[in-house]
2 protein chains.
Amino acid sequence: MDERATLRLLAGELSHAGDDAAVVEGLAITTDMLHETTDFPAGTTRYTAGWRAVGASLSDLAAMGGEATAAVAVYAAPEFDGEVVREFVTGASDVCEAVGGAYVGGDLDTHEEFTVATTAVGTCEEPVYRSGARPGELVCVTGTLGRSAAALRLFECGEHGRANDLFRFEPRVEAGRVLAPHAGAMMDSSDGLARSLHQLAEASDCGFSIESTRVPIDEAVRELAESEEEALEMGAFFGEDFELVCTLSDEELETVRNALATPVTAIGEVTEAGVAMDGEPLSDRGFTHG
Amino acid sequence: MDERATLRLLAGELSHAGDDAAVVEGLAITTDMLHETTDFPAGTTRYTAGWRAVGASLSDLAAMGGEATAAVAVYAAPEFDGEVVREFVTGASDVCEAVGGAYVGGDLDTHEEFTVATTAVGTCEEPVYRSGARPGELVCVTGTLGRSAAALRLFECGEHGRANDLFRFEPRVEAGRVLAPHAGAMMDSSDGLARSLHQLAEASDCGFSIESTRVPIDEAVRELAESEEEALEMGAFFGEDFELVCTLSDEELETVRNALATPVTAIGEVTEAGVAMDGEPLSDRGFTHG
């Protein structure tokens, strides 16, 4: 049984299963595990690893519309170099500070592969679920997509400095808070835009129709991709971008745009059924988390 | 650099380092990672593993005097059998329910070794730290010690049923809440009684003088140990028992005893310096978490 099938089996029993974070007594909580082989390409600094690992959990809070109160991490590695651990901790602390939260440490653990388990908690009085999208709404995305795909390409080319910069992202906690009172449904794009749309469609029992030309592809992708098709592949399918995907009415989109510095782009609309791009079925593929 | 040295290096920078849980804005949060090879002996059921892994984090909340609001876990394994995962989830849910909290799920992750990363959060308005012990107080322990040492022995003998029973413990959340307004210092005994006393002594800049005959050794240990010396080894050094070790005045001990069904035993007193048992230095050894 694969992870998705097992998660489906448990979905009925657990409040966390099926959304970006669980919400209990006004508190959102989410946890995730990342591994060197699947999540941190060669060249990723420990500062970036700390930022990114903790940022991924903060992004889950953002996707519920929650605040970021605190985050913890288990840092597991074959050995502990004090300076290397400190780099990780600084990255973890800086990403928390960027969204108004506190990194409070966690635990060290001896482990063959560098592995990080992160958890973030934050207050969340009115959570936004994946299940609230309604036909007629616009489907929107924050920021730009494809940064992680571009970073990966740069890591492969040995351009580690720029790759690390692209690999660190600002969790959309502020955007999530502003979007929450308006959005019908919301989640983050960590599995890729295409898969996010399929997951929202399944949870909300609706469809989506988007236009490829409206997908906000990151500038770094434009530079690196050799064709429009490749750029779209990196922007719409690769994932790991931690932007927010949400549904809004026309008027609500105007309201949140006025309140936010982060761009919010409408890429299409909510339909009755089926997930389509440019009128063709959009395949349900993207990043499968290891 | 080993884990303890690295933790010491970071202690000044992180609020979590140096206590059982971090407390931020009235919220206690703690995280931990457990592995098949070091934490779940052959014969441990997945139900027990779920109970114990989540219970360890709930025990950290108890040690701060916090409530248990919610817990999450990352379940990492080479493959996912839906029924096996469900067993784990049931154990995790049951231990949360036993202390008034909610297990809200978490994440699945593909990993060579069965590994669990758990996090628990709970409200904690007046945390008790390790640093508040004062000479003249009594040093006390909840429940009985040595259950995990006895369980390990039974796992080795193939008595898996009884071993699993002993391996599941009730996190002392209720006792922690009752003790919190009275205790000078408090922590859990997960590293063993001896090491806990050394850690409290270091944090509080004090000493302890305890008597071996007053250490509340579990009945299962009495049955299995072949000598008094062996029983004390299992009860005072082995650890992984998740009882609370705390300091109280005589009158406060009376007060908490009247309020709690869980036994609270005075095993000695807080002194100016040095950790001693029966007048001899007590060695600082116990369970070093992998």
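For the range A:61-76, which residues satisfy the criterion of being open to solvent by less than 20 Å² (accessible area, probe 1.4 Å), within 16 Å of A:Glu174 (Cα to Cα) and within 12 Å of chain B (Cβ to nearest Cβ)? Step through it out loud before you land on a result.
Taking the range A:61-76 and keeping what is open to solvent by less than 20 Å² (accessible area, probe 1.4 Å), we get A:61-66, A:68-76.
Now drop any that are not within 16 Å of A:Glu174 (Cα to Cα), which leaves A:61-66, A:68-70.
Within the range A:61-76, A:Ala68, A:Thr69, A:Ala70 qualify.
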Q: Given the conditions (1) surrounded by 14 or more Cβ atoms within 10 Å (Cβ to Cβ); (2) over 21 Å from B:Ser209 (Cβ atoms), report the number of the one that B:Val245 does not fulfil.
A: (2)
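Going by what's in this entry, would B:Phe155 be described as farther than 24 Å from B:Arg52 by Cβ and either modelled with pLDDT of 95 or more or open to solvent by less than 50 Å² (accessible area, probe 1.4 Å) (or both)?
Details: farther than 24 Å from B:Arg52 by Cβ: no; either modelled with pLDDT of 95 or more or open to solvent by less than 50 Å² (accessible area, probe 1.4 Å) (or both): yes.
Criteria not met by B:Phe155.
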Q: Could you please let me know if B:Thr90 is part of a strand (DSSP E or B), out of contact with any Lys or Arg (no Cβ under 6 Å at 6 or more places or on another chain) and touching a residue at least 24 places away in the same chain (Cβ under 8 Å)?
A: no
Q. For the range A:96-116, which residues satisfy the criterion of being modelled with pLDDT under 95, open to solvent by 50 Å² or more (accessible area, probe 1.4 Å) and assigned to a loop (DSSP other than H, G, I, E, B)?
A. A:Glu112
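Is it the case that the range B:51-61 has a residue that's under 21 Å from B:Glu243 (Cα atoms) and among the polar types (S, T, N, Q)?
yes
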Q) Does any residue of the range A:22-42 turn out to be more than 7 Å from chain B (Cβ to nearest Cβ) and at pLDDT below 90? A) no
Q | Residues (more than 20 Å from the chain's Cα centre (by Cα) and open to solvent by less than 20 Å² (accessible area, probe 1.4 Å)) located in the range B:181-224 | A | B:Cys206, B:Gly207
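Among the residues of the range B:141-157, are any of a type in the set (Val, Ile, Thr), within 28 Å of B:Met64 (Cβ to Cβ) and outside any loop (DSSP other than H, G, I, E, B)? Show your work before the answer.
Of the residues in the range B:141-157, the ones of a type in the set (Val, Ile, Thr) are B:141-142, B:144.
Subset that is within 28 Å of B:Met64 (Cβ to Cβ): B:141-142, B:144.
If we keep only those that are outside any loop (DSSP other than H, G, I, E, B) too, we end up with B:141-142.
Among the residues of the range B:141-157, at least one is of a type in the set (Val, Ile, Thr), within 28 Å of B:Met64 (Cβ to Cβ) and outside any loop (DSSP other than H, G, I, E, B), which makes the answer yes.
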Q: Mind telling me which of the residues B:Leu166, B:Leu138 ends up being more than 21 Å from B:Asp250 (Cβ to Cβ) and open to solvent by less than 50 Å² (accessible area, probe 1.4 Å)?
A: B:Leu166
(Q) Among the residues of the range B:77-95, what is the count of those that are more than 8 Å from chain A (Cβ to nearest Cβ) and surrounded by fewer than 20 Cβ atoms within 10 Å (Cβ to Cβ)? (A) 6
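Of the residues A:Leu224, A:Leu200, which is under 26 Å from A:Asp32 (Cβ atoms) and among the aliphatic types (A, V, I, L, M)?
On the way: A:Leu224 fails: under 26 Å from A:Asp32 (Cβ atoms).
The conditions single out A:Leu200.
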Q) Checking B:Gly105 against (1) farther than 26 Å from B:Ala175 by Cα; (2) facing chain A (nearest Cβ under 8 Å), which test does it fail? A) (1)
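The values are calculated or read from the model by the stated rules, or taken from the named source; none is laboratory data. Worth saying up front: this structure is predicted, and the values here are computed from it rather than measured. Glycine also receives a Cβ, built like all others from the backbone with ideal geometry; neighbour counts cover every protein chain displayed. Accessible surface is based on the protein model in full, side chains and every heavy atom, while ligands, DNA and RNA are left aside. Shrake-Rupley method; radii C 1.70, N 1.55, O 1.52, S 1.80 Å.
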